[in-house]
Structures are given as structure tokens and as C-alpha cells.
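Written out below as C-alpha cells is the structure these notes cover.
Readers should treat all values here as calculations from the given coordinates under stated rules, not as data from a laboratory. All values reported here derive from a predicted model rather than from experimental measurement. So basically every Cβ, Gly included, is an ideal-geometry build from the backbone, and we count neighbours across all protein chains shown.
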Amino acid sequence: MKLVINGEEAISKDGINVSELLIEQDVKMPEMVSVELNGSIVRREAFDATNLKEGDKVEFLYFMGGGSVAE
């Protein structure tokens, strides 16, 4: 099936869930990634139960810590 992942068209197997997609896409440190599906954040505990369908838009969101530089 066709998906849009991080703004790019991708092909994935039918019936895949969010957890499987993270593995299929070889996402590094999946425990540190948030997933947005069609504009809504998917709760981590729902990854296994959230099946994807043709045309879904998926974003992998990586949060990074940092600081500010004061002058």
C-alpha cells in the first residue's frame, strides 16, 4: 500500500501497524520517536493496535534537548 512518510511517498505491506512500520522503516531508537498519523499523535501504547491504511500520512517526530546561548 502507498503511504506518505515524512513527506515522501513510500510503499509498505498491507495491514501493517505503527510498531511494524517503525521496524520496516529501520527507525533508529524507536523508543525515542513520536508518531503522528494524519495530523494526530499516536499514543505509544496504541502503536500495536493502530493499523495503517492506503494514503495515510505518517510523520516520525524526533525531539532533541538543547539549550540557548545568551549573549
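Ranking 46, 5, 17 by Cα position along the charge dipole of the chain, where only Lys, Arg, Asp and Glu carry charges on their C-beta atoms, puts 46 farthest toward the positive end.
Note on 29, 1, 64: ascending count of other Cβ atoms within 10 Å places them as 64, 29, 1, the fewest first.
For the chain, a crude dipole built from +1 on the beta carbon of Lys and Arg and -1 on the beta carbon of Asp and Glu, taken about the Cα centre, is about 100 debye to the nearest 20.
Note that segment 51-56 has calculated 3J(HN,Hα) couplings of 7, 8, 9, 3, x, 4 Hz, one per residue in order, obtained from phi through the Karplus relation 6.51 cos²θ - 1.76 cosθ + 1.60 (θ = phi - 60°); glycine and proline are x. Shown here: the chain, whose C-alpha atoms stretch 52, 25, 22 Å along the first, second and third principal axes, sorted largest to smallest. Ranked for footprinting exposure by Cβ neighbours inside 10 Å, fewest first, 18, 33 give 33, 18.
With neighbours defined as other Cβ atoms within 10 Å of a residue's Cβ, the residues 19, 34 order from fewest to most as 34, 19.
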